[in-house]
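Remarks on the structure that follows.
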Amino acid sequence: MDISVVIPLYNEEDSLNELFLWIKRVMEENNFSYEVIFINDGSTDNSWNIIEELGSKYPEAKGIKFRRNYGKSAALYCGFKECNGEVVVTMDADLQDSPEEIPELYKMITDEGYDLVSGWKKIRYDSKLTKNLPSKLFNATTRTISGIYLHDFNCGLKAYRKNVVKSIEVYGEMHRYIPYLAKNAGFKKIGEKVVKHQARKYGVSKFGINRFFNGYLDLISLWFLSTFGKKPMHFFGIVGSLMFFIGLISVCVVGGVKLYHIWEGTNAPLVTDSPYFYLSLTSMIIGTQLFLSGFIGEMIARNSSERNDYKLEKTLNLD
């Protein structure tokens with residue numbers, strides 16, 4: 001099969017028929033073999049009934065139904081698990097992503113050798129205050145931390161080589177960082193394509209401003225896990241040791257001042273009267289706790305079933 005189109009959705013009953021028929025036309029015009037997997041993420045409207053109707057008419061239309069709303073990452077995870085196409089395309093169900101982009105995305109994967117191609121909605125029809133400006137700040141931060149130069153990490157329209165989606169695990173709210181997940185899994189050829197952004201035709205957006213705040217927290221978590229996930233002692237041990245020795249040196253300075261006054265026979269202030277004494281002790285205690293946290297994290301990592309789970313691309317003459 002050439003292409004799997006994975007579409008997460010929540011309460012998009014008005015757009016599903018039009019979207020599927022649009023995808024179907026594009027696929028047939030380009031002679032692609034394909035499947036369209038709708039993931040109904042706990043919709044409370046008539047979305048699932050429409051998906052069932054499409055499935056009864058067209059064998060290419062497939063569906064997964066969640067009992068409740070789990071979020072986009074969970075929907076993509078299940079869609080990736082079930083897809084069979086050599087190229088996997090993700091898109092939103094609100095008709096803001098154009099299926100006309102699929103042939104070019106497919107060509108970039110198959111002919112130009114990209115592992116992942118992300119859409120870039122260079123011209124948007126969203127509110128500049130609530131979406132465009134926060135999105136630019138979000139993308140700039142993500143580029144800096146991930147080292148991947150993409151303009152629009154959060155664009156739902158993306159294309160992947162099949163082994164990319166089978167090698168990564170999308171969870172929590174990590175759908176925003178799939179290119180970063182792919183990079184951490186060893187897929188380095190990541191590109192982007194300018195795609196057309198269409199004004200929303202039906203319904204309202206399901207995402208609020210809070211997604212950007214949650215996104216930063218997820219980015220920090222992903223950075224930490226990708227950098228220190230299997231070697232936590234390298235982070236906690238270094239930071240903890242640094243804080244401990246800073247505190248130790250400060251305590252020694254406070255004690256040295258006390259001894260100096262005694263030696264000179266002058267009035268020596270009480271060590272406990274100095275705020276630096278308490279700051280030093282606090283630094284030593286926190287440093288010790290961080291060091292022990294790294295030690296415990298190291299023991300957990302060493303006993304993890306995934307500690308030697310390396311993604312092998314090819315082997316030769318091992319039998």
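Do any helices (runs of 4 or more DSSP H) entirely within segment 96-209 hold 2 or more residues that are at pLDDT 90 or above, and if so, which? Spell out the reasoning first.
Working: elements: 102-110, 133-146, 162-165, 178-184.
Ranges flagged: 102-110, 162-165, 178-184.
Looking only at segment 48-98, residues that are in contact with a Ser or Thr (Cβ under 9 Å, 6 or more places away or on another chain) and β-branched (Val, Ile, Thr) come to 3 in all. Give just the number: which of (1) modelled with pLDDT under 75; (2) assigned to a helix (DSSP H, G or I); (3) over 35 Å from the mean Cα position of the chain (by Cα) does Gly215 not satisfy? All conditions are met except number (3). Looking only at residues of segment 49-70 that are closer than 24 Å to Asp2 by Cβ and touching a residue at least 24 places away in the same chain (Cβ under 8 Å), we find that the one that is farthest from the chain's Cα centre (by Cα) is Tyr58.
Take the residues of segment 77-87 that are open to solvent by 10 Å² or more (accessible area, probe 1.4 Å), touching a strand residue (DSSP E or B) at 6+ places or on another chain (Cβ under 7 Å) and not charged (D, E, K, R): which is nearest to Pro179 (Cα to Cα)? First the steps, then the outcome.
Of all residues in segment 77-87, those open to solvent by 10 Å² or more (accessible area, probe 1.4 Å) come to 77-78, 81-82, 84, 86.
Filter again for touching a strand residue (DSSP E or B) at 6+ places or on another chain (Cβ under 7 Å), leaving 78, 82, 84.
If we keep only those that are not charged (D, E, K, R) too, we end up with 78, 84.
Working: Cys78: 18, Asn84: 20 Å.
This residue is Cys78.
Quickly run through segment 26-48 and pick out the residues that are part of a helix (DSSP H, G or I) and without any contact (Cβ under 8 Å) to a residue 24 or more places away in the chain. Steps first, please.
Step one: filter segment 26-48 for residues part of a helix (DSSP H, G or I), giving 26-29, 47-48.
Those that are part of a helix (DSSP H, G or I) and without any contact (Cβ under 8 Å) to a residue 24 or more places away in the chain: Glu28, Glu29, Trp48.
Can you spot a residue in segment 88-105 that is within 24 Å of Val194 (Cβ to Cβ), open to solvent by 40 Å² or more (accessible area, probe 1.4 Å) and in contact (Cβ under 8 Å) with a residue 12 or more places away in the chain? Walk me through it before giving the result.
So the first thing to find is which residues in segment 88-105 are within 24 Å of Val194 (Cβ to Cβ), and the list is 88-105.
Filter once more, keeping what is open to solvent by 40 Å² or more (accessible area, probe 1.4 Å): 100, 104.
Subsequent filtering for residues that are in contact (Cβ under 8 Å) with a residue 12 or more places away in the chain retains 100, 104.
Among the residues of segment 88-105, at least one is within 24 Å of Val194 (Cβ to Cβ), open to solvent by 40 Å² or more (accessible area, probe 1.4 Å) and in contact (Cβ under 8 Å) with a residue 12 or more places away in the chain, which makes the answer yes.
Sub-6 Å Cβ pairs linking a first residue in segment 218-238 that is part of a loop (DSSP other than H, G, I, E, B) to a second residue that is among the charged types (D, E, K, R), at least 6 apart or interchain, are Pro232/Glu298, ordered by first then second residue.
The values are calculated or read from the model by the stated rules, or taken from the named source; none is laboratory data. These numbers were taken from a predicted model, which means no experiment stands behind them. Counting neighbours? That spans all protein chains shown, and the Cβs are built from the backbone with ideal geometry, glycine included. The area values use the complete protein model at the heavy-atom level, side chains included, leaving out ligands, DNA and RNA. Shrake-Rupley method; radii C 1.70, N 1.55, O 1.52, S 1.80 Å.
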